[in-house]
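The values are calculated or read from the model by the stated rules, or taken from the named source; none is laboratory data. Just so we're clear, the structure is a prediction, and the values are computed from it rather than from any experiment. No Cβ is skipped: glycine too gets one built from the backbone with ideal geometry, and neighbour counts run over all protein chains shown.
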Amino acid sequence: MSLVTSAPVELNHWWKQLRFRLQNKKGWNEVLDETFLLQTKLVNDIPLFYAAKTNSVGSVRNLLTYASTDIFERGALGETALHVAVMNENLEAAVALMDGAPELVNEPMTSELFQGLTPLHIAVINQNTGLVQHLISRGADVATPRVTGLYFRKRKGGLVYYGEHILSFAACTGNEDIISTLIDAGASTRVQDVRGNTLLHVLVLQPNRVTACQAIDLIMVRDAELNESLSLDMVPNARGLTPFKVAAKKGNTVVFQHLVNKRRVFQCSFGPLTSNLYDLTEIDSWADNKSVLELVVCSKHTEARKILELTPVKQLVRLKWNLYGKHYFRLLLLLYTVYMSIFTVCCLFRPLKHIPPDYVKPASIYNDQTIYIPKRLNESYVTYDDHLRLGGEIISVVGAVLILLLVVPDILRVGPKRYFGQSALGGPFHLILAAFALFVLLLCVFRLCEVQEEMSIMAVCLIFGWCDIMFFARGFEMLGPYVIVIQKMVLRDLVRFVWLFLVVLIGFSTAVWMFYMTQDPLSLPNFTTYPVILFTEFEVDTTFVNLPVDETVRMSAVIYVVHVAFTLVSAMLLTNLLIAMMSDTQSRVGEERDDLWRTQVAATILMLERRLPRRLVPRLGIRGLKYAPRDHWYLRVEDTNDELMPKMKQYIELFSKGDGKAVAGAGSLSGMCTASSEDRGGLKTTGWGLIRHRVWGSEMKYKELQEKQDNNYL
């Protein structure tokens, strides 16, 4: 299903949601609460519904004999009596209803919340095999019904997303018997919902990842029987994403690695060493604008960064970075540094002249010490040095235009919020770079128009331009994560601190101004005006200057109290709060150091591949036209499969914790080495044997059971 064909359906769904909210004028949870309470009341009030709920077969058959009984009567959810029987898993009542009213078998629910939900949908999701078989034998449609109600829609905060079709519901349960039964009854494995999601797309989004992998295997085996030209795992949804790419975008590492392993080509094995060819289709960004690398880097899910640790993504990124990525990126750093040096020299030697005799200084209480003013345009480019500076200024303007030409397409492609907000993509550094380029162009306009305030724009350009060099720190493993620490401190911790500090600063500065507004400004230069007081109090808080109080001036005792209170609240409490917030940010980012570094490297590689000519960026891997079954690009990876390595890591990790059970110091160690315990076989374990028993046995048991299923697919 293409995006064009699905657009009207999406608009219709959006309109239904808007109309639903306008009609109810209540919150989503409140609407659900009232709907389900009303449904419970009606089920108890309607005789046929109550008989179906209580599995009273005699009452059901008796009620169906009366002409006054409406077999199509609906409840609060738009359900029929058969829906009620199936929801309560009452097989006998459901069979009695199908005997007396067979037309109920394919009746869907009609409410906006559960629109399209049939009894077979409910039986499948409840994994009631008996009801599923009875409904199918009574003529239940397994292919056509689609659930379009708001309750089952994929939405933010939604608890369930099973797709729309009955087979999609069955796939989410992972029940192989029901899946096979539905396919044998005529259900298609190629169905797609309103978003274009196939069965595999829906499975990728399920929380139980091991069950999803099992269902994927079964469905792909049954789909292969159809001999379709395009494999089911290569069918895209409305956004052009295959199940493989959706798994990468959502950070579903289990399903992603499972699909990778299904595509790999085994070569040979020598003991623990194995050699495999990994298919780079959809992974490599060289020939795919929506590759796995692109999706992982641009994903808003932090779990997506884990994809960069998996084979062969990890090896591919490392190979690209070492082969050409870091060299091009550091060359770009050199060019930008030279460019900023040229711009800085042009600013340092900007055209100035001595003030003329008729220069009028502005009237102010402050002393104006100006001795130079900017030259006019016709005086700025006369000498040989002026011509050299003109060349540098031309380079600066051309460079600013090139920066905008490189930045704007990326903003349009990714979106401003994600482009400027994600640390891996560059975050605020892209915003700083774009602002720098715009200010350089504005500076050019000021020079041509002979605006005298070009100094302010020039100062902002210098700050933005040189600060943006920190962006290139991502080219170095040691510096890259620390730049992200700075970003998060500035955008998160510092913003919160400034908000609190401004409240305190305005309050105390205004209180001080109440006194100094009555004094002579010339006698108190640090308290002449209200803005000057704000800046003075800021300097006092940051300990840049001591409190500038003139003891020779008579002032109220309240002023001393205000100054002391401000020092206690701002300089001591708020400043220490900022330090604590920054320390917490640094510790949190330190835990993600490796993930952030890999994400930065991948983002840098993508940036270089988009901006460099193709002949400068080689395609990595082996073309399978001669060496593999299909004409795809492959990457050969040698893996070592040592079963003792995971346990050794757990062994080292347990000893490094020092939690009292393992190594908690020399005293505890010696005490533990003389302890003893009974194992399950009745043998006594002492000393280091006890340690090994705890590490290899009971301490590992839970983790092994928890990871056993996932490791089978990894």
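Could you check, for the range 583-590, whether at least one of its residues is surrounded by 12 or more Cβ atoms within 10 Å (Cβ to Cβ), without any contact (Cβ under 8 Å) to a residue 40 or more places away in the chain, touching an Asp or Glu at 6+ places or on another chain (Cβ under 8 Å) and hydroxyl-bearing (S, T, Y)?
No, that holds for no residue.
If I filter the range 131-145 for residues that are closer than 22 Å to G174 by Cα, touching a residue at least 40 places away in the same chain (Cβ under 8 Å), among the hydroxyl-bearing types (S, T, Y) and in the same structural domain as L38 (by TED's automatic domain parsing), do I get at least one hit?
Taking every residue of the range 131-145 in turn, none turns out to be closer than 22 Å to G174 by Cα, touching a residue at least 40 places away in the same chain (Cβ under 8 Å), among the hydroxyl-bearing types (S, T, Y) and in the same structural domain as L38 (by TED's automatic domain parsing).
All but one of (1) within 30 Å of W321 (Cα to Cα); (2) of a type in the set (S, T, N, Q); (3) surrounded by 13 or more Cβ atoms within 10 Å (Cβ to Cβ) hold for S570; which doesn't?
(1)
Report yes if some residue within the range 394-404 is aliphatic (A, V, I, L, M), under 24 Å from A602 (Cβ atoms), modelled with pLDDT under 85 and part of a helix (DSSP H, G or I); otherwise report no.
Checked the range 394-404: no residue is aliphatic (A, V, I, L, M), under 24 Å from A602 (Cβ atoms), modelled with pLDDT under 85 and part of a helix (DSSP H, G or I).
Here is a list of conditions, (1) assigned to a helix (DSSP H, G or I); (2) at pLDDT below 90, and K156 meets all of them except one; can you say which number that is?
It fails just one condition, (1).
I'm trying to understand the selection: among the residues of the range 293-342, which are within 19 Å of R593 (Cβ to Cβ) and among the basic types (K, R)?
Listed by number, the residues that qualify are R305, K306, K314, R318, K326.
Just to be sure before I move on: is F464 hydrophobic (A, V, I, L, M, F, W, C), part of a helix (DSSP H, G or I) and in contact with an Asp or Glu (Cβ under 6 Å, 6 or more places away or on another chain) in the structure I sent?
no
Evaluate the following for L319: is it assigned to a helix (DSSP H, G or I), touching a residue at least 12 places away in the same chain (Cβ under 8 Å), over 20 Å from V254 (Cβ atoms) and of a type outside the set (F, W, Y)?
The answer is yes for L319.
Could you say whether any residue in the range 55-77 is assigned to a helix (DSSP H, G or I), within 46 Å of the chain's Cα centre (by Cα) and buried (at least 17 other Cβ atoms within 10 Å of the Cβ)?
No, every residue in the range 55-77 fails to be assigned to a helix (DSSP H, G or I), within 46 Å of the chain's Cα centre (by Cα) and buried (at least 17 other Cβ atoms within 10 Å of the Cβ).
On the basis of being more than 30 Å from G399 (Cβ to Cβ) and either of a type in the set (S, T, Y) or at pLDDT below 90 (or both), does T337 make the cut?
When the stated conditions are applied, T337 does not pass them.
Please tell me if F114 is in the same structural domain as L64 (by TED's automatic domain parsing), in contact with a helix residue (DSSP H, G or I) (Cβ under 7 Å, 6 or more places away or on another chain), of a type in the set (F, W, Y) and part of a helix (DSSP H, G or I).
No, not satisfied.
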